[in-house]
Structure formats: structure tokens, C-alpha cells
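Structure, as C-alpha cells:
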Amino acid sequence: MLWLYILLGIALFVALVMFIPITLRASYKEEFWCAVYIGFVKLQLVPAKPKKEKKKKVKKQTPKTKQPKKATEKKPSLIKKYGIEWLLNLIKRVAELAVSALQDFFSHILIKKFSLSISVAGDDAADTAIKYGKYCAVVYPAVGTIVRVVKCKGYGVDINPNFSEKAETEINFDFAARIFAFRLIGLVVKHGIKGLKLLAEVRNEL
């Protein structure tokens, strides 16, 4: 009976690990901050925590004797060896695999929070109006694309011109996105196998 309890314990542990949420959080207000949360464990990415300086051991330098350089034969390029069509076909297959992996990855992400506020300011009123139009032309379509591709709980984008004298452009950004560990592991296994198959095919052709 003991082995049954051990198996059940292992199965329960694996199940708990698989359902651990992996959350990416980022914000910007004068400074950029970014961290990954694996369950309750926080891994701060930006700004990086200062590392403790280690004392470097001084190594005694021994005089190096110059060795004669060996003549190396230049290998023919892949284009000359296999042709441009082979290289283009390889690029196409790699691109298709990358696009498929990215689409699959983004389809399993949940954006829990997306908040972007921009106060646009220029040198004068005309410059402010031009910059405001440029910001709107870039930001709104980009956010629309993200919302269409990724599941989004809620988002808000606010871009306003600031015509005050000596005003400066200000950006406030707050973001949080989540994916479960079992989704991530499944994607790595699924597309990793495809990548290894492609690599094996290329190696056989070379």
C-alpha cells in the first residue's frame, strides 16, 4: 500500500506544479520595472539587483610562446554547395515553425492588466499636435492588434495632448500577463519536437 501512497503523492505534486501560474508584470513611470512571478516566487528582471563583488585572484602570467598558425581551408558556402533554393526553403520552414509557435504561445496568454497613459507635449502647439497624431497612429492600432491576438481581461489606453508651456511628454504603463506552467511545458514539448525534427532533416541533407 505504501507504493500507492507514494505514487499518489507524486501525481499530486506534479499536478500542483503543472498548474502553477507564471505571471509577467511590468510598469513604467519615470523608470522601467519588470519581474516574473512563478507562483509566489518573484524573479526581478529590471532593474537587475546589484551583484556582490567577488575578490579576484591574481594569476601569475607565464610568457606565451607563439605557435605557427595552421593554414585553414575555406569551406564552400551553403549557397554554393546546395543552391539558393535549398536555403530559401529552409528559411521558409523555420519561419513557419516560428510563426506557429508564437501563435500557439499567444493564444494561451491571458492579459490581466494593460494600462497605458500618455501625455504628449512638444516645443509649441503645432509640434504637440503633430506628435499627438503620430502617437495615436502607432499606439492605438498596435494595442488593437494585441487585444485581437491575446485574451485580455481589461485594458485602457489614454493619449492626450498637453499644450502647457515647458511641458514634457509623460508615459505611465502598467502590465500583467499570465500563463500556466502546463501550457508552457506543452508548447515547449510540442514545438520543440517539431524543431528537433527539422534540425534532424537539415543535418541529413548536409
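The values are calculated or read from the model by the stated rules, or taken from the named source; none is laboratory data. Bear in mind that the values here come from a model prediction, so they are computed numbers and not experimental data. Cβ atoms come from the backbone with ideal geometry, glycine included; neighbour counts cover every protein chain shown. When the accessible area is computed, the model is the full protein with side chains, heavy atoms only, and any ligands, DNA or RNA have been set aside. Shrake-Rupley method; radii C 1.70, N 1.55, O 1.52, S 1.80 Å.
Here is how the numbers come out for the structure above:
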| read-out | value |
| --- | --- |
| Filter result for Ile146 (of a type in the set (Val, Ile, Thr) and modelled with pLDDT of 90 or more) | no |
| Per-region count, segment 161-191, residues open to solvent by 50 Å² or more (accessible area, probe 1.4 Å) and among the small types (Gly, Ala, Ser) | 1 |
| Residue ID - modelled with the highest pLDDT, chosen from residues in segment 149-168 that are more than 22 Å from Lys29 (Cα to Cα) and basic (Lys, Arg) | Lys151 |
| Within segment 140-160, tally of residues that are surrounded by 14 or more Cβ atoms within 10 Å (Cβ to Cβ) and closer than 19 Å to Val120 by Cβ | 3 |
| Pick from segment 114-130, criterion out of contact with any Lys or Arg (no Cβ under 9 Å at 6 or more places or on another chain) and more than 23 Å from Ser27 (Cα to Cα), ranking: surrounded by the most Cβ atoms within 10 Å (Cβ to Cβ) | Thr128 |
| Residue count for segment 127-141, restricted to those that are under 19 Å from Glu170 (Cα atoms) and within 21 Å of the chain's Cα centre (by Cα) | 2 |
